[in-house]
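Enquirer: Below is the structure I would like to discuss, written out as structure tokens.
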Amino acid sequence: MKAYVFPGQGAQFTGMGKDLYDQFPEAKALFNKADEILGFEISKIMFEGTAEELKETKVTQPAIFLHSVILAKMMGDSFQPEMVAGHSLGELSALTAVGTLSFEDGLKIVSKRALAMQAACEHQSSTMAAILGLDDAVVEDVCKSIDGVVVAANYNCPGQLVISGATKAVEEACEALKEKGAKRALMLHLLVALRP
């Protein structure tokens, strides 16, 4: 069985998609279409932007979507999944890659999602942190004990979850979780809303 899992926010990197743009005329056309649909040169930010520019949610989410979907399309006949899945915004990439959503509709949905989350970011400074090595209940209890908004947001697997919320509250939770024995409490380098 062949399955593909599409990534969510955090998978961005400078230069993403440039090889596809340079190698495949079809990819170049899709990147150009994306620039037109979005009303700004996302391809330029993806290919040449700084890490700071790329981590803005309004850019990050469409960039990851574009890279994922265009890569799948350029795989041609070798992209024949029996199953697809996606982490967070990756769900929309997965649906678009298999043709459930059109490229245009998928990109528009991702863009609206990203803009809404970016607006939430600008309303209140917020962030996420990965917590490793603690039971979910311990993490949830610590989050409840913090003065401020911080919640368990992504349950990745047993012993690993992501918390999100107001920056100060997430930082305080990370310190408290380290004291409770977390193997890691790692702040993620993203600009995100209160929910992933």
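Enquirer: What whole-number value in Å² describes the accessible area per residue of the stretch 91-147 for a 1.4 Å probe?
Expert: Spelled out: the 1.4 Å probe surface of the stretch 91-147, per residue, equals 50 Å².
Enquirer: Check Arg184: other-chain or 5+ apart residues with amide H under 5 Å from its amide H, H built from backbone geometry?
Expert: Leu132
Enquirer: Same structure, new question: Any idea what angle helix 25-38 forms with the longest principal axis of the chain, computed on alpha-carbon atoms, 0 to 90 degrees, nearest 10?
Expert: Helix 25-38 sits roughly 60 degrees off the main axis of the chain.
Enquirer: Using the Cα centre of the chain as the reference point, and only Cβ charges (+1 on K/R, -1 on D/E), how large is the resulting charge dipole? Debye, rounded to the nearest 20.
Expert: It works out to roughly 120 debye.
Enquirer: If you take the alpha carbon radius of gyration of the stretch 97-196 and divide it by 2.2 N^0.38 Å, what ratio comes out, to two decimals?
Expert: That ratio works out to 1.22.
Enquirer: For the Cα atoms of the chain, what angle does the longest principal axis make with the long axis of helix 103-123, in degrees from 0 to 90, nearest 10?
Expert: 30 degrees
Enquirer: Can you tell me the equivalent ellipsoid semi-axes for the stretch 122-172? Use √(5λ) from the Cα gyration tensor, largest first, whole Å.
Expert: With the √(5λ) rule applied to the stretch 122-172, the semi-axes are 19, 12, 7 Å.
Enquirer: Which lysines have a Cα less than 29 Å from the Cα of Lys18, not counting those fewer than 8 places away in the same chain?
Expert: Lys2, Lys28, Lys33, Lys44, Lys55, Lys58, Lys73, Lys108, Lys112
Enquirer: Using the Karplus curve 6.51 cos²θ - 1.76 cosθ + 1.60 with θ = phi - 60°, work out ³J(HN,Hα) for each residue of the stretch 147-164 in order, rounded to whole Hz, and write x for Gly and Pro.
Expert: 7, x, 8, 7, 9, 6, 10, 10, 9, 6, 6, x, x, 8, 9, 10, 9, 9
Enquirer: Which GluC sites (Glu not before Pro) does the stretch 83-154 hold that lie in a coil by DSSP with at most 12 other beta carbons within 10 Å?
Expert: none
Enquirer: Same structure again: For the pair Lys108 and Thr167, how long in nm is the line joining their label points, each one 7 Å along Cα→Cβ?
Expert: With each label point 7 Å from Cα toward Cβ, the separation is 3.5 nm.
Enquirer: Counting only protein heavy atoms, what percent of the accessible surface of the stretch 19-122 is carbon or sulfur at a 1.4 Å probe?
Expert: The computed percentage sits at 52.
Enquirer: Label-point separation (nm) for Asp19 and Asp136, each offset 7 Å from Cα along Cα-to-Cβ?
Expert: 3.6 nm
Enquirer: Right, another one. Would you kindly compute the Cα radius of gyration of the stretch 5-112 and its largest Cα-Cα separation (Dmax), both in Å?
Expert: 12.5, 37
Enquirer: Further, regarding this structure: Enumerate by residue number the trypsin sites (Lys or Arg not before Pro) in the stretch 1-104 meeting two conditions: DSSP loop (anything except H, G, I, E, B), and at most 15 other Cβ atoms within 10 Å of the site's Cβ.
Expert: Sites meeting the loop and neighbour criteria: Lys2.
Enquirer: Only four residue types carry charge here, +1 at the Cβ of Lys and Arg and -1 at the Cβ of Asp and Glu. Report the dipole size of the stretch 84-163 about the Cα centre in Debye, rounded to the nearest 20.
Expert: 280 debye
The values are calculated or read from the model by the stated rules, or taken from the named source; none is laboratory data. Fair warning: this is a prediction, and the values are worked out from it, not measured in the lab. Heads up, the Cβs are rebuilt from the backbone with ideal geometry, glycines too, and the neighbour counts pull from every protein chain shown. Surface accessibility is based on the protein's heavy atoms, side chains included, excluding ligands, DNA and RNA. Shrake-Rupley method; radii C 1.70, N 1.55, O 1.52, S 1.80 Å.
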